[in-house]
Amino acid sequence: MSLEPETAEYNLLLIDDDEVDVMTFQRSLKKSDIKYSLTVCYNAAETLSTIEKNTFDCIFLDYLLPGIDGLQLLRKLRDMSINTPVAVMTSQGDEKIAVEMIKNGAFDYFTKSDITPDKISKVVITAVRLWDAERQRQVAEKKIIENNNRLNAILESTRNLIYAFDRNLNLISFNSSFKENLEHLLRANGIVRTDINLHEIPIHEERKISLIQNIEKCFLGDQFTVLEQVSFSNDSHKEVPWYETTFNPIINANGEVTGVAIYSQDVTENKKIEQDLLQAKNDAIAAAQAKSEFLSNMSHEIRTPMNAIIGLTGLLLEEKFEGTNLENIKSIKYSADNLLVIINDILDFSKIEAGKVTFENIDFDIRHRMGELRKTFEHRTKEKGLDFVIEVDEEVPSAIKGDPYRLNQILFNLVGNAIKFTSEGFIKVSVLVIQKTVDSIKIQFTIKDSGIGIPESQQSKIFESFTQANTDTTRKYGGTGLGLAITKNLVQLQGGEIGITSEVGIGTSFIVSINYSIGTSENLEATTQKNSEPADLSGLKILLVEDNLMNQFVAKQFFKKWNNELIIANHGAEAITILRERDDIDLVLMDLQMPEMSGFQAAEIIRGNNSVVKNTDIPIIALSADAFLETRRKVIEAGMNDYVTKPFKPEELYSKIVKYTQKPSSL
Ligand code: ADP
């Protein structure tokens, strides 16, 4: 607080034992132009007790006091932390004393003979200004100390290392963590100082060079962090710790970099945790892969005997059975078909989990697909007495481009569920165009039923794998809880969306929308073309390359029915031997996975440049237990003509054999 000379009232203390001098002083003071209140003390004791109780703006001190001199009293005041400005009054000729007093903290002196009103007022005003400045300095100093303490507290609040170098690489600041480390290092090298230059710090030369490089980089003005493995010892058995170190330029008031502050944290533990996590993640991925491989292998293995069961029951159904026998055979067929759906689900699911699903991109006709859907489910809906309605909006173009097989799978799944969970009413499938550009189209498929419905709380869960709406479901309706998880994945992997609205007791709608390209009608899948008349296969010689005895047996039954001669090879190598000798074989049915020589290898040999077989162009149809695009692609790459999945549908196999063996009829 600064006092304005004209208005302020100054609190003054005069210490003098001489009555006459006091009166002279008072007279001059009265005549001066300042407002004041004056306290007079006549000795040291009185002074000390007065000064304890009051604050003064200026003290006038007579040098000569009874029992004590002014210098001693001044020292006493300063010892008591009383910093009030003191002006010393001396007798004539005592300048030496005055100099001594000023050295001890007095701010001015004058001889008693100099006491004039003007002098007094000048001294008072100067004293007040001085003290004001002094008080401000004290406040600033206090702030600096507080600030420093705060910063120190921050520096000391961590076990990490904080230190700083100036531009000459002298160590200028550090926290105690750093100090401990440094002292330890220095002591080990016989150095006891800590005011040291970086060049003198006994660390590895390599480490020193890297530190200096980073510090010099930081001199350019940017903060940065490096992660490095730092070795402080030569012990090669000791684990080398990881440090994360931040370099931060120290900038002065002119914006110049005067040094670098460094914060270094030992992150070895974090690194270890990170590595452990990575290991755990890799283990989990490996475990998931092993699981999905296991699932894939298992379902693959199960499909082979299924092939036999389904094929043979199909054949049996064509015989003349009646009554209970017929019912029993139908039940076997029904159960086997169901089992196959489950196995296919598991296989699909494992492929999705392993990220191995690929999609076709071919032209197809949605209306044709809907016809297939109707054919597949018509019988079941009739059996349950349900109305089955399929509506395709006029706007849906005749050819679109995408994956028709996956669309089938999605719709079959949803319609299958709808029928399963509906006991009366209807199933309605509608197909709508909801968005269209020149070359793309978004199609929405709604599968609506009047079935049991799904409670709202369950609606999001049913899309998770192995989840069913309630535990009753399995008992009542069966199922694996995989269908919707697969469906959702297949929709999303094609960039589409799937949603649900449902009300318990009223029914459920699944809404699927998928973006397709617009296709061209010329390229439409072969299935939409006119079916050729059933051709006669009798007399054809077919080479079946198949290692599984049961599959051989099933095939034999069919070919017997179709009046073909079937020649059997147990693996690829055997097939090559046969084809080397015979040129009367019309077609090869090739299993893919076989011992000795796989179907892929055999096909490559047959088609190869230096082929040893008689007819290198012989049609080859692959038979395989999985229907994945990847496998289909490999089949074509190996030079085979076509592909049939096992368990094969007799009609499909039949028509493919026809396709590759009938000569174009001469017109
Ligand atoms: P699941 O093979 O068990 O049918 P899904 O994943 O296909 O497995 O279906 C999961 C569950 O969702 C079913 O068990 C059933 O509870 C419920 N759900 C699916 N579709 C319908 C529907 N149309 N109506 C009622 N509930 C359904």
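The values are calculated or read from the model by the stated rules, or taken from the named source; none is laboratory data. Predicted, not measured: the structure shown is a model, and the values here were computed from it. Note that each Cβ is placed from the backbone with ideal geometry, even for glycine, and that neighbours are counted across all protein chains shown.
Couple of notes before you dig in:
- The one condition from (1) touching a helix residue (DSSP H, G or I) at 6+ places or on another chain (Cβ under 9 Å); (2) without any contact (Cβ under 8 Å) to a residue 12 or more places away in the chain; (3) not acidic (Asp, Glu) that Ser81 does not meet is (1).
- Only one of the numbered conditions (1) of a type in the set (A, V, I, L, M); (2) away from the ligand (no atom under 12 Å from the Cβ); (3) modelled with pLDDT under 90 is not met by Ile462, and that is (2).
To keep it simple, each residue is scored yes or no on (1) within 20 Å of Phe107 (Cβ to Cβ); (2) assigned to a loop (DSSP other than H, G, I, E, B); (3) in contact with a Ser or Thr (Cβ under 6 Å, 6 or more places away or on another chain).
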residue: Asn11; (1), (2), (3): yes, no, yes
residue: Val22; (1), (2), (3): no, no, no
residue: Lys30; (1), (2), (3): no, no, no
residue: Glu52; (1), (2), (3): no, no, no
residue: Ile59; (1), (2), (3): yes, no, yes
residue: Gln72; (1), (2), (3): yes, no, no
residue: Arg78; (1), (2), (3): yes, no, no
residue: Ser81; (1), (2), (3): yes, yes, no
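- All of Lys330, Lys320, Lys382, Lys401 fail the test of being under 23 Å from Val429 (Cα atoms), without any contact (Cβ under 8 Å) to a residue 24 or more places away in the chain and out of contact with any Lys or Arg (no Cβ under 8 Å at 6 or more places or on another chain), apart from Lys382.
- Filtered by the rule that a residue be without any contact (Cβ under 8 Å) to a residue 60 or more places away in the chain and not β-branched (Val, Ile, Thr), segment 14-29 gives Leu14, Asp17, Asp18, Glu19, Met23, Gln26, Arg27.
- Checked against (1) farther than 18 Å from Glu134 by Cβ; (2) of a type in the set (A, V, I, L, M); (3) touching a helix residue (DSSP H, G or I) at 6+ places or on another chain (Cβ under 6 Å); (4) at pLDDT 90 or above, Met89 passes all but condition (4).
- Flag: Asp345 does not match the condition of being touching a residue at least 24 places away in the same chain (Cβ under 8 Å) and more than 27 Å from Ile302 (Cα to Cα).
- Residue match in segment 335-342 (condition: in a helix (DSSP H, G or I) and surrounded by 18 or more Cβ atoms within 10 Å (Cβ to Cβ)): yes
- The set of residues in segment 280-315 that are small (Gly, Ala, Ser), surrounded by fewer than 17 Cβ atoms within 10 Å (Cβ to Cβ) and modelled with pLDDT under 80 contains only Ala288.
- Any helices (runs of 4 or more DSSP H) falling wholly within segment 584-667 and containing at least 3 residues that are touching a residue at least 40 places away in the same chain (Cβ under 8 Å) and within 19 Å of Ala555 (Cα to Cα): 650-661
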